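For reference, the structure discussed in these notes is given below.
The values are calculated or read from the model by the stated rules, or taken from the named source; none is laboratory data. It should be emphasised that the depicted structure is a prediction, and the values quoted were computed from it without experimental measurement. Cβ sites come from the backbone with ideal geometry, for glycine too, and all protein chains shown count toward neighbours.
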Amino acid sequence: MAAYNFPGKQRESYELVEKVRAWLARREDVAEVIDLQSDPRFYYRGDLQITRRDGTVQYVEVKSEPRYSRENTPFMAVERYSSIERNISGGPWSTSADFYAHIYADGLLVIMSRRKLIGWIGGELGRDPQAFEYRLVKNETYTTGTYLVSRARAKAALGIFYRDYEVA
């Protein structure tokens, strides 16, 4: 089995992140959306910066799923550790973004409060360490640790802090 190629996966994600950027930019309450993926100054802030019409600035961390659709997976792959060997947090734990989003190949966009998502996952794991399937994904030089989180379960638990949309 070939090792996961992070630079290749990153290149695949740009098209889906652009869809999210364009979709957000069309919202009436949004004045501007900037793609920050290639700007190292914002590595821990998020992939997109949203400026609302009232001047509020928010950040979105986007997880792209170019190989998955809502039909072929009921899960979100939520990366807990970007490097298990070095104990480096990943996914929503590695950013200070306001929102954590998943975009699937078929245009399903899930946007959640990053803080609420982390709190809920932590609470579930505190009650049951096996609450979510945990996968180790070998990259070229390190191993990531990822939880498979059911979208339906997250939606029920997070309530108003979970939204899904269709992105064209």
Restricting the range 49-65 to residues that are within 22 Å of Tyr162 (Cβ to Cβ) and either outside any strand (DSSP E or B) or small (Gly, Ala, Ser) (or both), the residue that is modelled with the lowest pLDDT: Ser64
In the range 126-144, the residues that are of a type in the set (Lys, Arg) and either in contact (Cβ under 8 Å) with a residue 60 or more places away in the chain or over 18 Å from Pro92 (Cα atoms) (or both): Arg127, Lys138
Test: residue in the range 159-166 that is touching a residue at least 60 places away in the same chain (Cβ under 8 Å), touching a Phe, Trp or Tyr at 6+ places or on another chain (Cβ under 9 Å) and not in a helix (DSSP H, G or I): yes
Filter result (crowded, with 19+ Cβ neighbours inside 10 Å and farther than 24 Å from Glu140 by Cα) within the range 69-81: Phe75
Wholly enclosed strands (runs of 3 or more DSSP E) of the range 99-148 bearing at least 1 residues under 24 Å from Arg86 (Cα atoms) and basic (Lys, Arg): 133-138
The range 82-93, subset in contact with a Ser or Thr (Cβ under 6 Å, 6 or more places away or on another chain) and not in a loop (DSSP other than H, G, I, E, B), residue surrounded by the most Cβ atoms within 10 Å (Cβ to Cβ): Ser82
Number of the condition not met by Ala152 [criteria: (1) more than 17 Å from Ser94 (Cα to Cα); (2) free of Cβ contacts under 8 Å to residues at least 12 places away in the same chain]: (2)
